[in-house]
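Student: One structure, pasted below without further comment.
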Amino acid sequence: MVNADAGDFQQSLRNLWHALCSAEASRGVDLPQLVEQWTATKRESLVGQSSEADFDELCDAGCRPFSLALALAAIEASRTAATGWRKVFGSARHRQQIIRALCKAADALEEVQEKFIDISLEKCKATLDDDLRKSLSADPNLISAERCVPEWPKSLPALPATTIRSLRAFAELFGSVDKLSEETHTHSPASLSKYLISAYVAQATAEFHDREVSAPIGSALDAGPTTKQHIECGVSETTSNWKPPSSSPPTF
């Protein structure tokens with residue numbers, strides 16, 4: 001079942017790729033060629049012949065050149081993302097403080113909402129005749145919050161339920177950072193990106209290839225401003241004769 005789902009996902013990616021190629025071709029853009037040239041540019045940006053050789057060895061072992069180049073680009077981007085990561089999410093202790101504050105606010109607002117509903121239901125019951133009120137006393141579920149939803153005053157900012165969902169969603173977002181760190185044993189964008197490329201190589205080749213992976217990772221982390229500008233140009237003129245070993249659509 002898992003293999004079938006994975007196969008369906010791969011087929012969906014291929015269908016998406018062909019659709020993108022067709023759409024860009026109608027505008028005169030050769031998307032496969034752009035991807036191939038960007039991948040070649042990314043490979044050439046690696047510092048040192050050993051990094052290029054390791055890149056080729058990983059491709060020969062089963063990695064897709066574009067996927068490998070994309071993973072290395074993510075490592076480069078992680079260097080600048082680290083500062084923003086720390087500013088937004090802070091330390092683990094600070095995140096827990098934020099989560100507790102968000103959950104506490106959601107609980108307090110939920111209590112206000114429940115009281116408002118209870119009061120509205122009491123008012124609703126008061127308008128009923130005596131026989132029906134006696135029936136409600138015997139079975140309070142005859143009129144419940146689901147059957148008698150009070151109208152929230154328009155003068156107030158928003159429905160409590162909407163704000164409660166938002167508060168809990170943000171709490172889950174901050175909590176997901178710690179959950180991701182626990183599952184991947186990473187604590188920063190840089191360590192996460194290195195984990196992802198190692199996991200990709202292991203999945204694509206059935207081996208970890210620590211030696212071959214370490215040099216391209218180090219090269220990506222050491223990429224200077226000139227190299228980064230070269231990469232961001234997307235497609236550059238290159239005299240290299242290197243070609244990806246497969247013309248198949250890139251897979252992730």
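Student: Going by the conditions given, is GLU212 modelled with pLDDT under 75 and out of contact with any Lys or Arg (no Cβ under 9 Å at 6 or more places or on another chain)?
Tutor: Spelling it out, it is not the case that GLU212 is modelled with pLDDT under 75 and out of contact with any Lys or Arg (no Cβ under 9 Å at 6 or more places or on another chain).
Student: Filtering region 23-43 down to residues that are of a type in the set (Gly, Ala, Ser) and touching a helix residue (DSSP H, G or I) at 6+ places or on another chain (Cβ under 9 Å), which residue is surrounded by the most Cβ atoms within 10 Å (Cβ to Cβ)?
Tutor: ALA40
Student: Would you point out the residue of region 89-111, among those that are within 11 Å of ALA171 (Cα to Cα) and among the basic types (Lys, Arg), that is surrounded by the most Cβ atoms within 10 Å (Cβ to Cβ)?
Tutor: ARG95
Student: Within region 44-68, which residues are touching a Pro at 6+ places or on another chain (Cβ under 9 Å) and farther than 17 Å from ARG211 by Cα?
Tutor: The answer is ARG64, PRO65, PHE66, SER67.
Student: Of all residues in region 49-63, which are buried (at least 22 other Cβ atoms within 10 Å of the Cβ) and in a loop (DSSP other than H, G, I, E, B)?
Tutor: Matches in region 49-63: CYS63 only.
Student: Of the conditions (1) charged (D, E, K, R); (2) modelled with pLDDT under 60; (3) farther than 28 Å from GLY62 by Cα, GLU232 fails just one. Which one is it?
Tutor: Condition not satisfied by GLU232: (3).
Student: Criterion first (within 26 Å of the chain's Cα centre (by Cα) and at pLDDT below 80) does SER181 satisfy it?
Tutor: For SER181, the condition - within 26 Å of the chain's Cα centre (by Cα) and at pLDDT below 80 - is met.
Student: Read through the list (1) under 30 Å from ILE75 (Cα atoms); (2) modelled with pLDDT of 85 or more; (3) of a type outside the set (Lys, Arg); (4) out of contact with any His (no Cβ under 9 Å at 6 or more places or on another chain), then give the number of the only condition that SER198 fails.
Tutor: (4)
Student: Among LEU46, LEU16, which is surrounded by 17 or more Cβ atoms within 10 Å (Cβ to Cβ) and either modelled with pLDDT of 85 or more or in a loop (DSSP other than H, G, I, E, B) (or both)?
Tutor: Answer to the check: LEU46.
The values are calculated or read from the model by the stated rules, or taken from the named source; none is laboratory data. Note that the structure is a prediction, hence the values are computed from the model and not measured. For neighbour counting, all protein chains shown are included, and Cβ atoms are generated from backbone atoms with ideal geometry for every residue, glycine included.
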